[in-house]
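Values quoted throughout were computed directly from the atomic coordinates according to the rules given, and no laboratory measurement underlies them. Keep in mind it's a predicted model, so treat the numbers as computed, not measured. Glycine also receives a Cβ, built like all others from the backbone with ideal geometry; neighbour counts cover every protein chain displayed.
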Amino acid sequence: MSIFEYNGSALVAMVGKNCFAIASDRRLGVQLQTVATDFQRIYKIHDKLFIGLSGLATDSQTLYQRLVFRHKLYQLREERDMKPETFASLVSAILYEKRFGPYFCQPVIAGLGDEDKPFICTMDSIGAKELAKDFVVAGTASESLYGACESMFKPDMEAEELFETISQALLSSVDRDCLSGWGGHVYLVTPTEVTEKILKGRMD
Amino acid sequence: MESVFGLVGKDFAIVVADSSAVHSILVHKTNEDKIMVLDSHKLMGASGETGDRAQFTEYIQKNVALYQFRNGIPLTTSATANFTRGELATALRKNPYMVNIILAGYDKETGPSLYYIDYIASLHKLDKAAFGYGSYFALSMMDRHFRKDMTVEEAIELVDKCIVEIRSRLVVAPPNFVIKIVDKDGAREYAWRQSIKDGQVLAA
């Protein structure tokens, strides 16, 4: 079994009209055994920047700690929050540092940049950035997620419709993947507020 | 293979481990204590390679004591769990410790807590957790019978149910188990469940 499929994960981020949504599943497993059904994969870096880390859970925890450390230092030096584009470059650099002994993680980064323009990107485990204008996916359920998002996505959706779309795309995709699921965690971010919702899907 | 499991009740946490020390087909002893008492209110049940287990748990125990000497106050369970994860994560890509850990503790402010720490340093706070082949039986029994805020008697009843399952359904079932409990009065040994005593002379 691939090391990326050891713990199981599903991540998706979508762009809407002046807003974005980022969602993950909640299962933490050890190959075929489910250990937890409330595992957090999406982390807040600051109010307008979220990162989801799929892949090996231990590396996503280590990588998150390193990124928070770097961002806090940045905040102290620059006296402001990091822009999403900058943060994505930082993540890419940190991942490529370990080119010949990588972190087994695939990050999904979503944020509101200058003038609250939504920004999403994903990268592979050695930091190859993939910018997209509509949606990005990662995890063991990524192939199902690509299909679901492609068919359900419309450009310039408002916040409520975006939430519905991303939730349906996530739940239908993880139902086809035995290693991810047990509900969903959705963060909906607009320039004025951040909403966090827990989805109940098939609990298996 | 070694079984360790634990659960959280009302104002206490329990950790149970089997007590056989095995090398290949030979059972060296059946009263090995695999649950280290880290300090007055913390228990660390560990399973995995014998040398790593003994060495690593002692290392954590001494560092927990050192913190208390240096700072005058004990570490919280959460801090201990994160420290343990950090040590495992640092060693992971050099010389990994093959030890799975269930850390249970009682803090005055936050009450009882239980942490699941994989040998590859995945950390998660849980109400019930298990490692080893016995986990397949222990987790299923706990999924069926566990409720939040159980009393000590109810929890021990559940623990005994798990032990019965492991003994009857696992082909190389360990005969003896040790149960330790941690609550506001401290961490202590609660009971042994022995079906074979060392030095016992069995009639042919």
Could you give the nm distance between label points at A:Lys200 and B:Ala54, where each point is 7 Å from its Cα heading toward the beta carbon? 5.0 nm
Isotropically averaged projected area of the stretch B:1-40, using the convex hull of Cα atoms (one quarter of hull area), nm²: 3.6 nm²
Unit-weight point scatterers at every alpha-carbon of the stretch A:98-156, Debye formula, q = 0.20, 0.25 1/Å: log10 I(q)/I(0) is -0.84, -1.09
Whichever lysines have a C-alpha closer than 17 Å to that of B:Lys128, once near sequence neighbours (fewer than 8 apart) are set aside: B:Lys10, B:Lys42, B:Lys148, B:Lys161, B:Lys180
Whole-Å distance linking the alpha carbon centroid of the stretch A:20-96 with that of the stretch B:24-62 is 33 Å
Overall dimensions of the stretch A:160-204 as given by Cα atoms, namely Rg and Dmax in Å: 11.4, 37
Using a Cα-Cα cut-off of under 19 Å, which aspartates and glutamates could be cross-linked to B:Lys94, ignoring same-chain neighbours fewer than 8 residues away? A:Asp59, A:Glu97, B:Glu49, B:Asp52, B:Asp118
Could you line up A:Lys197, B:Lys42, A:Lys48 from fewest to most neighbouring Cβ atoms inside 10 Å? A:Lys197, A:Lys48, B:Lys42
Exposure-ranked with fewest Cβ neighbours within 10 Å first, A:Ile42, B:Ile14, B:Ile73 stand as B:Ile73, A:Ile42, B:Ile14
Please list, ordered by chain and number, the residues whose modelled amide H lies under 5 Å from the amide H of A:Leu179; skip anything fewer than 5 residues away on the same chain. none
Bins of 10 Å, starting at 0 and running to the largest distance - Cα pair percent for the stretch B:7-99: 14, 43, 33, 10, 1
Let's see if you can work this out: charge +1 on each Lys and Arg Cβ, -1 on each Asp and Glu Cβ, no other charges. What is the dipole magnitude of chain B about its Cα centre, in debye to the nearest 20? 280 debye
Radius ratio Rg over Rh of the stretch B:66-109, counting only Cα atoms, Kirkwood formula for Rh: 1.05
Give me the tail of P(r) for the stretch B:86-183 as a percent: Cα-Cα pairs with distance above 24 Å. 31 percent
Could you state the orientation-averaged shadow area of the convex hull built on the Cα atoms of chain B, in nm² to one decimal? 12.1 nm²
When B:Cys162, A:Cys178 are ordered from fewest to most other Cβ atoms inside 10 Å of their Cβ, what list results? A:Cys178, B:Cys162
Rounded to the angstrom and largest first, Cα extents along the principal axes for chain A equal 46, 41, 25
Over the whole of A:62-75, what's the average partner chain Cβ count within 10 Å per residue? Rounded to a whole number, please. 1
Any chance you could count the Lys pairs in the stretch A:45-192 whose alpha carbons are under 12 Å apart, treating pairs 8 or more apart or on different chains as valid? 5
Total charge dipole magnitude, chain A, about the Cα centre, Cβ charges on Lys, Arg, Asp, Glu only, Debye to nearest 20: 600 debye
Please compute the alpha carbon radius of gyration of the stretch A:1-79, then divide it by the globular-protein estimate 2.2 N^0.38 Å. Two decimals is fine. 1.26
Quote the convex hull volume per residue of the stretch A:130-204, based on C-alpha atoms, as a whole number of Å³. 94 Å³
Over all directions, the average projected area of the alpha-carbon convex hull for the stretch B:103-148 comes to how many nm²? 3.8 nm²
Alpha-carbon gyration tensor eigenvalues x 5, square-rooted, for the protein assembly as shown, Å: 42, 23, 19
Partner chain Cβ atoms within 10 Å, averaged over the residues of B:107-119 - can you pull that number for me? 1
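Would you calculate a helix-derived [θ] at 222 nm for chain A, using -39,500 (n - 2.57) for each DSSP H run of n ≥ 4 and dividing by the full residue count, to the nearest 500?
-10000 deg cm²/dmol
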Where a Cα-Cα gap under 19 Å defines reach, which lysines qualify for B:Lys29, not counting those fewer than 8 residues away within the same chain? B:Lys197
With both partners inside the protein assembly as shown, how many of the DSSP beta bridges are antiparallel, as a percent to the nearest 5? 100 percent
